[in-house]
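Contents: one structure, followed by commentary.
The values are calculated or read from the model by the stated rules, or taken from the named source; none is laboratory data. This is a predicted model, so every value here is computed, not measured. Positions of Cβ are backbone-derived with ideal geometry, glycine not excepted, and every protein chain shown enters the neighbour counts.
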């Protein structure tokens, strides 16, 4: 057999079979793989409209203030004591806060000893008077009797003065602000303060707060008392008007502008609010509306549907608000957010 001839005929057949196999395999693989899905279209998103919170610029008032603390005190107050040299407490008839009238007995000490001395001395005066009356006119005996009578009377007057010093009475209508804490029968010395009294009609306010330098004589302040009630006050003295050598050189004094509040008490703490500057009928905005950046101050306003920045000049300000001097007009819609 001619093998060369056979090979020539087999090769085309094999090629045909091989090509058919490739076609079959490709067809099979294409049936096994998943079909590609069509690309999805990207949805179009419409941005939400920006909603601005606005407030129309309007005229208002703005003020700046300082807050300090002081005390209420009575301009007229007095310490009271026994002028009796030494004695034992008999009674103290008042307590702190009591209101008293002039002449009321407030306290006394036991005077049994001096009462006896006064009685005995009165007898000595009476005896001296008898000797004087019995002496003949123009005689030496009468002169001596007169001198003795005078001496006994002086001693009686001194004892009676001591007895008067054993009682404390109110020198004026007022309120008791202090009483000596002691027991009945305790020995006290003369001229030791037992009671203090203050005239509530003379109550004032004083402060030595460092901020007192901001006060001006004639200025008005708002006082807040312990019970949260308020009262107006007038500045009458400041550190600038008090002699620098005085012990009160750093203090300021205020008086109540009208009736003294019923709850005002001598020695009570009080808050003092004082307006240092105020402007009326000016444009006032919340401080947060004014933006400071790159050496400029501006406010965002809503104009013709757009957010617009407007440069402004500012004036006085406080903790929450600020004055707009220029750059805004009344009615401009200031954007708050």
Report task. State which residue is nearest to the chain's Cα centre (by Cα) when the search covers only the range 79-92 and only residues that are surrounded by 17 or more Cβ atoms within 10 Å (Cβ to Cβ) and part of a strand (DSSP E or B). Result -> 80
Report task. Please work out which one of (1) within 35 Å of the chain's Cα centre (by Cα); (2) surrounded by fewer than 16 Cβ atoms within 10 Å (Cβ to Cβ); (3) farther than 18 Å from residue 61 by Cα is the condition residue 319 fails and give its number. Result -> (3)
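Taking the condition of being in a strand (DSSP E or B), surrounded by 12 or more Cβ atoms within 10 Å (Cβ to Cβ) and in contact (Cβ under 8 Å) with a residue 40 or more places away in the chain, how many residues in the range 279-300 meet it?
Residues of the range 279-300 that are in a strand (DSSP E or B), as a first pass: 279-286, 291-293, 296-300.
If we keep only those that are surrounded by 12 or more Cβ atoms within 10 Å (Cβ to Cβ) as well, we get 279, 282-286, 291, 297-300.
Subset that is in contact (Cβ under 8 Å) with a residue 40 or more places away in the chain: 279, 282-286.
The number of residues fulfilling the criteria is 6.
May I ask you to say which residue of 144, 168, 114, 184 is outside any helix (DSSP H, G or I) and surrounded by 11 or more Cβ atoms within 10 Å (Cβ to Cβ)?
Working: 144 fails: outside any helix (DSSP H, G or I); 114 fails: outside any helix (DSSP H, G or I); 184 fails: surrounded by 11 or more Cβ atoms within 10 Å (Cβ to Cβ).
After ruling out the rest, the residue left standing is 168.
Quick one: would you say residue 331 is assigned to a loop (DSSP other than H, G, I, E, B) and either in contact (Cβ under 8 Å) with a residue 40 or more places away in the chain or surrounded by 15 or more Cβ atoms within 10 Å (Cβ to Cβ) (or both)? It would help to see each step written out before you state the result.
Values: assigned to a loop (DSSP other than H, G, I, E, B): yes; either in contact (Cβ under 8 Å) with a residue 40 or more places away in the chain or surrounded by 15 or more Cβ atoms within 10 Å (Cβ to Cβ) (or both): yes.
Considered against the rule, which asks whether it is assigned to a loop (DSSP other than H, G, I, E, B) and either in contact (Cβ under 8 Å) with a residue 40 or more places away in the chain or surrounded by 15 or more Cβ atoms within 10 Å (Cβ to Cβ) (or both), residue 331 comes out as yes.
Taking the conditions exactly as written (more than 16 Å from residue 169 (Cβ to Cβ), surrounded by 13 or more Cβ atoms within 10 Å (Cβ to Cβ), in contact (Cβ under 8 Å) with a residue 24 or more places away in the chain and not assigned by TED's automatic domain parsing to the domain that holds residue 266), does residue 122 satisfy them or not? Break it down stepwise before answering.
On the way: more than 16 Å from residue 169 (Cβ to Cβ): yes; surrounded by 13 or more Cβ atoms within 10 Å (Cβ to Cβ): yes; in contact (Cβ under 8 Å) with a residue 24 or more places away in the chain: yes; not assigned by TED's automatic domain parsing to the domain that holds residue 266: yes.
Against the criterion (more than 16 Å from residue 169 (Cβ to Cβ), surrounded by 13 or more Cβ atoms within 10 Å (Cβ to Cβ), in contact (Cβ under 8 Å) with a residue 24 or more places away in the chain and not assigned by TED's automatic domain parsing to the domain that holds residue 266), residue 122 qualifies.
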**Report entry** The lone exception for residue 319 - which of (1) under 28 Å from residue 253 (Cβ atoms); (2) in a strand (DSSP E or B) it fails
**Finding:** (2)
Report task. Give just the number: which of (1) modelled with pLDDT under 95; (2) within 30 Å of residue 314 (Cβ to Cβ); (3) in contact with a strand residue (DSSP E or B) (Cβ under 6 Å, 6 or more places away or on another chain); (4) exposed (fewer than 13 other Cβ atoms within 10 Å of the Cβ) does residue 59 not satisfy? Result -> (1)
